[in-house]
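Structure first, then comments.
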Amino acid sequence: MNQQASVFTLGRDKPPLAAATEEPPRTLFEATYRQLRRDIIHGLYLPNDKLRVEHLKAVYKVSGGTLREALALLVSDSLVVSQGQRGFRVAPMSLADLQDLTRTRVLLECASLRESMAHGGDAWEAAVVSTFHRLSLSEERLQADAAGAFDEWEARNREFHDALVSACPSPWLERLRSLLYQQTERYRRFTAVNGPPPGSVHEEHREIFEAAIQRNAERAVAAMELHINRALTIIRSNELLR
């Protein structure tokens with residue numbers, strides 16, 4: 001078993017997880033993609049695990065064509081690696097990958113935040129306030145049960161980050177920022193479940209929130225950079241990944 005096996009809460013012998021709270025999938029392909037993506041992020045399939053099509057067809061009760069479509073989309077998400085004639089594997093996780101993701105995400109997230117703060121009006125501010133309130137409530141539960149409350153917290157966390165940059169006028173900047181946010185989801189779960197108790201995460205969010213509401217761009221960007229580096233700092237200092 002590889003080093004990452006201990007970082008997730010799910011074992012290989014457990015059934016796939018239930019779908020997250022979101023709009024119902026419109027097609028069987030979309031449902032399969034969502035479920036398989038969720039199961040990879042939750043660690044039912046570990047980094048570098050081989051994804052055997054025949055086995056997965058039985059698990060998800062879909063045809064080989066539907067499953068391969070879902071796997072192809074997960075390849076584009078960088079959660080699965082295609083090995084040509086040798087099939088598919090779960091994408092690896094590494095300290096080097098997280099370092100690169102973090103550096104690039106800082107650049108895009110902070111640029112989006114600056115643009116959003118410059119253009120945001122009353123509706124933007126109301127969205128930031130309401131999402132921060134919901135996030136604060138979920139962080140109380142995260143503090144008590146990091147593994148059990150992570151799904152709810154992840155949804156509220158994304159809502160807050162999306163609200164902060166929602167007034168950014170650049171569709172391309174937002175598209176790329178959103179992609180990198182998604183890419184770091186496995187590492188956030190990794191940190192929440194296996195790192196030290198997430199005691200400082202709420203204060204990091206509060207600092208970002210207060211600076212954004214005050215329209216203090218320099219303070220908000222500095223707080224955001226520190227916050228985005230959090231998972232990297234914890235994983236590196238605790239030697240959870242190589």
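Here, each number is a calculation from the coordinates, and none is a lab measurement. Predicted, not measured: the structure shown is a model, and the values here were computed from it. Don't worry about glycine lacking a Cβ; one is built from the backbone with ideal geometry, like all the others, and counts go over all protein chains shown.
Quick notes
- Cα long-axis angle, helix 171-183 against the chain (0 to 90 degrees, to the nearest 10): 60 degrees
- Reported label for calculated Kirkwood radius over Cα pairs in Å given (i) 18.9; (ii) 20.1; (iii) 17.9: (i)
- Burial ranking of peptide ranges 144-153, 178-187 (average Cβ count within 10 Å, highest at the top): 178-187, 144-153
- In range of the label at I213: residues from segment 129-159 whose backbone nitrogen is under 15 Å from the point 7 Å along Cα→Cβ: 129-137
- Highest-MSF residue in the chain out of G121, G84, G195 [GNM, Cα springs under 10 Å]: G84
- Compared with the dominant Cα axis of the chain, that is its longest principal axis, helix 150-164 is turned about 50°.
- Remark: the Cα gyration tensor places segment 95-237 in the oblate category, a/c being 1.5 or greater and a/b not exceeding b/c.
- Packing here is the average count of other Cβ atoms within 10 Å per residue, and on that basis the peptides 43-53, 105-115, highest first, run 105-115, 43-53.
- Among A58, A220, A72, the largest mean-square fluctuation in a Gaussian network model of the chain, built with springs joining Cα atoms closer than 10 Å, belongs to A58.
- Crossing angle, helix 28-41 versus the chain [Cα axis fit, 0-90 degrees, rounded to tens]: 70 degrees
- With R₀ set to 41 Å, the beta-carbon distance separating S178 from E54 gives a calculated FRET efficiency near 0.75.
- Euclidean distance of C-alpha centroids, segment 207-242 and segment 46-72, integer Å: 36 Å
- Net dipole in debye of the chain [+1 Lys, Arg Cβ; -1 Asp, Glu Cβ; about Cα centre; nearest 20]: 1020 debye
- Neighbours of F88 by Cβ distance under 11 Å: Lys/Arg scored +1, Asp/Glu scored -1, total +4.
- Calculated FRET value between S63 and A144, using beta carbons and R₀ = 35 Å, to 0.05: 0.25
- Most positive-pole-ward Cα, V80, G64, L240, against dipole of the chain from beta carbon charges: G64
- The relative contact order of segment 95-237 comes to 38 percent, based on Cα pairs under 8 Å that sit 6 or more residues apart.
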